[in-house]
């Protein structure tokens, strides 16, 4: 009898814990998208298929993804977190400062995004918004749009600098195809 | 029990009966018991098929996620996958309870794979780029939890494979040593030892060996194969000590000897053939060490009836000889001289072993 109880209890703990982890991931993202500040970023063409997750388009945010040498004087030797302050300019959002910690003072209009330098000696900053998953076979169409400069990405940023993709702007049209859940 | 063992017994028993060492009834009983391994083998086939089926179902679920099928809202897709997760673990518990453990392991494995697919689905839903290895280690943790609590070794093995994937990926990303692999590996091995998952522990030993060998090429100032060689020698030495007087840990001693040997050989090969700046005379010296070590391992394998060590040692010997030949010692004349010299040395060793055996036999004969 005790074996019966144990087996089912074990099953409940395992399935329950794993479901809770998945639920936490979903709630975390949904809150970030709902409550984060919204900015619209330009993207540049790059290219792709994830082994497990299907087709996706790689999004490159130009100077935001690769801050100039004047902003990033010393490239950290190890994998490190980097906070990049963005300011809106005529040509779109541009990086104006980088720091190792979240800046103490942020101008009202500025946005700070938390990035990672995933490779040693790399200047490429990743914010976790570099891939956009599309239905099988649709990647090429989006890539063409990116090539023509007709695609922008709506990004939600929360007060700790975490960013999430909220939607796309295609040919000037705001496409809200990212439901919160 | 292996077929060859049964065949051997069928050949030997009549002789033993004729010699009067075994009574005829005893011989019959022994043969009957050896022949009676049918159900065991069938069970193994059922177990293997059930695991393969689980792997295929898991691959199907992962492909379903990867297809990113838009006909179904994301949340419904997630609900479907999480529902499958519950169904798989539920089926596992039910089958364990009904005494159908072989199928239960398959069901739990499906659950563990579906958990991984769910993590990927959430990442896909929110276009999470992040650090992909993070998703892998989360999946590994889920598989370990399932394997431990549901008492299912296949899930533990999945956890081990995922930890290896995670470690390899991180190592590649940082182009340096990824030390966190060690504690994660330790957790997996502890879980496997506790569950008595023997093949899992062996697989883990191989994984650790690969990681240690990789240190030679990832440590600052690499190649650092001499350091790897030292680790291999230390592990092998520790294994010998355990095997000699390890009591309960003796099986681990056997494993450690094999692991240490493998690591040492890989390091020696690296020292000779990867680091091209090495001088010829030092390559020859290292080659002599490698060949001697291989022969010692063959002898130790024979002595302790460790067939796997013996085979590994033969393979190491062959690789060394072929690599050496490929590198050609200046001229073919020199190569030829080297091989003849090595051959004479090996035969001398064989003679020594023969002589020692006879001495030992004489002494045993005298003392009895």
Give me the pairs, please: first residue somewhere in region B:139-160 and under 14 Å from residue B:184 (Cβ atoms), second residue anywhere and in a loop (DSSP other than H, G, I, E, B), beta-carbon distance under 7 Å, and either six or more positions apart or on two chains. B:156/B:197
Just checking: which of the helices (runs of 4 or more DSSP H) contained wholly in region B:167-245 hold 1 or more residues that are in contact with a helix residue (DSSP H, G or I) (Cβ under 7 Å, 6 or more places away or on another chain) and under 18 Å from residue B:136 (Cβ atoms)? B:181-195, B:198-218
Among the residues of region B:98-114, write down those that are in a helix (DSSP H, G or I) and within 18 Å of residue B:46 (Cα to Cα). B:101, B:102, B:103, B:104, B:105, B:106, B:107, B:108, B:109, B:110
Which of the residues that make up region B:65-77 are within 8 Å of chain A (Cβ to nearest Cβ), assigned to a helix (DSSP H, G or I) and over 36 Å from the mean Cα position of the chain (by Cα)? B:74, B:75
Hey, can you tell me all the residues within region B:38-59 that are surrounded by 13 or more Cβ atoms within 10 Å (Cβ to Cβ) and under 22 Å from residue A:18 (Cβ atoms)? B:50, B:51, B:53, B:54, B:55, B:57, B:58
May I ask you to say which residue of A:127, A:121 is at the interface with another protein chain (Cβ under 9 Å from one of its Cβ atoms), within 18 Å of residue A:71 (Cα to Cα) and at pLDDT below 85? A:121
Taking residue B:117, is it within 22 Å of the chain's Cα centre (by Cα), within 9 Å of chain A (Cβ to nearest Cβ), closer than 19 Å to residue B:62 by Cα and in a helix (DSSP H, G or I)? no
Those residues of region A:5-41 that are assigned to a strand (DSSP E or B) and touching a helix residue (DSSP H, G or I) at 6+ places or on another chain (Cβ under 7 Å) come to a total of 1
If the requirement is being surrounded by 21 or more Cβ atoms within 10 Å (Cβ to Cβ) and under 19 Å from residue B:216 (Cβ atoms), which of these qualifies: B:142, B:176, B:147, B:167? B:167
Within region B:335-368, tally of residues that are within 23 Å of residue B:282 (Cβ to Cβ) and at pLDDT below 70: 0
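The values are calculated or read from the model by the stated rules, or taken from the named source; none is laboratory data. From a predicted model like this one, the values you see are computed outputs, not experimental measurements. As a convention, Cβ positions derive from the backbone with ideal geometry for all residues, glycine included, and neighbour counts pool all protein chains shown.
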